[in-house]
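Take a look at the structure below.
The values are calculated or read from the model by the stated rules, or taken from the named source; none is laboratory data. If you're wondering where the values come from, they're calculated on a predicted model, not measured in any experiment. Glycine also receives a Cβ, built like all others from the backbone with ideal geometry; neighbour counts cover every protein chain displayed. Heavy atoms of the whole protein, side chains included, go into the accessibility calculation; ligands, DNA and RNA do not. Shrake-Rupley method; radii C 1.70, N 1.55, O 1.52, S 1.80 Å.
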Amino acid sequence: MTNIIIGGDVMANDTKDIILAILKYLEDSLDEERIDFNKVNHKALGISEPRHSRILGMMLEEGYIDGLKKFSVMGATYSTYKALEPRITLRGIDYLEENKPSAKVYAILKEIKEWIPGL
């Protein structure tokens with residue numbers, strides 16, 4: 001399995017990790033004057049262009065990101081996206097927060113507490 005490195009964080013190369021990497025980058029870039037979306041393009045993430053485009057499409061459909069324009073490429077079986085003013089949405093921030101390791105640990109501990117009386 002290939003790993004993704006964004007801002008020093010190493011991530012596995014699966015769809016949810018790619019989504020989290022893109023969202024984390026966009027959240028970390030909120031103070032930047034201009035967001036360099038090339039830092040999370042298919043090459044930077046170590047994935048194919050079709051996979052990257054399809055993941056961006058899913059993220060747009062779910063409302064996690066905004067500021068990308070969809071283009072159809074003749075002969076391609078997928079759409080491509082151009083970053084105009086890429087940004088994370090409030091829904092994207094919520095998704096990022098829900099999928100942080102600390103949030104996952106808290107959910108597991110809460111579930112264990114419900115299983116074991118007296119904790």
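Below is a table of values for the structure above.
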{"read-out": "Nitroxide proxy distance, nm - points 7 Å out along Cα→Cβ at ASP31 and LYS69", "value": "3.1"}
{"read-out": "Residues of type aspartates and glutamates that LYS39 reaches as a straight line, Cα spacing below 20 Å, ignoring anything fewer than 8 places off in the same chain", "value": "ASP9, ASP14, ASP17, GLU27, ASP28, ASP31, GLU49, ASP66, GLU85"}
{"read-out": "Counted charge near GLU62, where neighbours are those whose Cβ lies closer than 14 Å (Asp, Glu -1; Lys, Arg +1)", "value": "-1"}
{"read-out": "Net charge, ARG87 excluded, C-beta distance under 10 Å - Lys, Arg +1, Asp, Glu -1", "value": "-3"}
{"read-out": "Summed side-chain charge close to ILE18 - residues other than ILE18 whose Cβ falls under 12 Å, Lys, Arg +1, Asp, Glu -1", "value": "+2"}
{"read-out": "Accessible surface of region 12-57, 1.4 Å probe, proportion on carbon and sulfur as whole %", "value": "42"}
